[in-house]
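Have a look at the structure below, then the notes.
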Amino acid sequence: MEKRRGTKHQNQVLAKPGFNFVGFPDDLGVKNVNGRLGAREGPRSFLEAFQKLNGRNPVRERLREISFVEMSDEIESNHESAARTVADLHRANPKDVLVAVGGGNDYSYSWFKGWQQACNKSSKKKPKISCINIDAHFDLRDYRPVMTSGSPFRRLLEEKILDGASFVEFGIQSHCNAEELWRVAKKYKVKTVPFTVLRDGKAIRAFKAILKSLTTRCDEVLISVDLDALSYAFAPGVSAPQAEGFTGGELLQIMEIAGSDKKVTSLGIFELSPSLDFQNYTSRLAAQAAWHFLDSKLF
């Protein structure tokens, strides 16, 4: 945890909109789906890269609190702890943005669940919260008998924490999603945007349209980024790299668009695996993506 108080400048900073960071240093969900391990190291590598960024606007000065969820060898208890940490951070800082970093993408479940719980308790009317998952994979696998990094959104849908009509899968690639997962997406009326329709420079315009459609119907939008949505050339440090995907520049543009929208309240970045990376390239890209999001959001 970081605290800034005492000086006039620091008190002025605290009076302005800020953000909090929470890390989920766990990749048991990746292990449970036989993926390449390393994502448990993601949050600290991300934070190290982020703290080196120093742009025109003092983004890092708006950081209120840093939290790393303490993990065990029990994935269910880890998810409960993660959701509770997210809820506590949001209730304590309701006007601040939250940046969550994994860990496997199973922590999209804990992140969204904790945020929803905090919003429900702090509001008389249950807010409608939507989600855009930027990903090559649906992550709609069954979470029974064991939770995996490919299961978070199916669990959110089946537990009725997330409404399928308010959920968008953006960048899905056909070669890495079994027929069953397409059926699950159809069953829950999930909006699916295949990567094939985003080629040739169409990704940015498509993201703008999807975000606008959600903000007209929902109170808040959470953006989940599984880094394997990017091409391997831009994000080698992930569990399941893809030959084709978004470029680094497209991701930064998407982050700027998301950050500029007042209804986007939290960003999740998952599957960062430093031990699989090349010269910390993926960690740097993830940190820069969050920085562009926050720079657009806070300034």
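Would you pick out the residues in segment 177-205 that are part of a loop (DSSP other than H, G, I, E, B) and under 19 Å from the mean Cα position of the chain (by Cα)?
Correct list: 190 only.
Yes/no matrix, rows are residues, columns are (1) within 15 Å of the chain's Cα centre (by Cα); (2) over 14 Å from residue 270 (Cα atoms); (3) outside any helix (DSSP H, G or I):
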site	(1), (2), (3)
72	no, yes, yes
78	no, yes, no
91	no, yes, no
111	yes, no, no
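Suppose the filter is surrounded by fewer than 19 Cβ atoms within 10 Å (Cβ to Cβ), touching a helix residue (DSSP H, G or I) at 6+ places or on another chain (Cβ under 7 Å) and closer than 20 Å to residue 281 by Cβ; does residue 55 pass it?
For residue 55, the condition - surrounded by fewer than 19 Cβ atoms within 10 Å (Cβ to Cβ), touching a helix residue (DSSP H, G or I) at 6+ places or on another chain (Cβ under 7 Å) and closer than 20 Å to residue 281 by Cβ - is met.
Does segment 60-75 contain at least one residue that is touching a strand residue (DSSP E or B) at 6+ places or on another chain (Cβ under 7 Å) and closer than 29 Å to residue 145 by Cα?
Yes, segment 60-75 contains a residue that is touching a strand residue (DSSP E or B) at 6+ places or on another chain (Cβ under 7 Å) and closer than 29 Å to residue 145 by Cα.
Output yes when any residue across segment 280-299 is closer than 24 Å to residue 139 by Cα, under 18 Å from the mean Cα position of the chain (by Cα), among the charged types (D, E, K, R) and modelled with pLDDT of 95 or more, and no when none is.
no
Within segment 67-83, can one find any residue that is in contact with a Phe, Trp or Tyr (Cβ under 6 Å, 6 or more places away or on another chain) and either surrounded by 23 or more Cβ atoms within 10 Å (Cβ to Cβ) or at pLDDT 95 or above (or both)?
yes
Failed condition for residue 243, given (1) within 16 Å of the chain's Cα centre (by Cα); (2) surrounded by fewer than 22 Cβ atoms within 10 Å (Cβ to Cβ); (3) among the aliphatic types (A, V, I, L, M), with all others met?
(1)
If residue 121 meets every condition in (1) out of contact with any Phe, Trp or Tyr (no Cβ under 8 Å at 6 or more places or on another chain); (2) basic (Lys, Arg); (3) in a helix (DSSP H, G or I); (4) touching a residue at least 40 places away in the same chain (Cβ under 8 Å) apart from one, which number is that one?
Of everything listed in (1) out of contact with any Phe, Trp or Tyr (no Cβ under 8 Å at 6 or more places or on another chain); (2) basic (Lys, Arg); (3) in a helix (DSSP H, G or I); (4) touching a residue at least 40 places away in the same chain (Cβ under 8 Å), residue 121 misses just condition (4).
Residues to consider are 265, 216; find the one that is modelled with pLDDT of 95 or more, polar (S, T, N, Q) and touching a strand residue (DSSP E or B) at 6+ places or on another chain (Cβ under 9 Å).
265
If a residue has to be in a helix (DSSP H, G or I), touching a Phe, Trp or Tyr at 6+ places or on another chain (Cβ under 7 Å) and hydroxyl-bearing (Ser, Thr, Tyr) to count, how many in segment 255-299 make the cut?
Qualifying residue count for the region: 1.
Just to check your reading of the model, which residue among 9, 90 is at pLDDT below 95 and over 27 Å from residue 145 (Cβ atoms)?
9
The values are calculated or read from the model by the stated rules, or taken from the named source; none is laboratory data. Because the structure is a prediction, the values reported are computed rather than measured. No Cβ is skipped: glycine too gets one built from the backbone with ideal geometry, and neighbour counts run over all protein chains shown.
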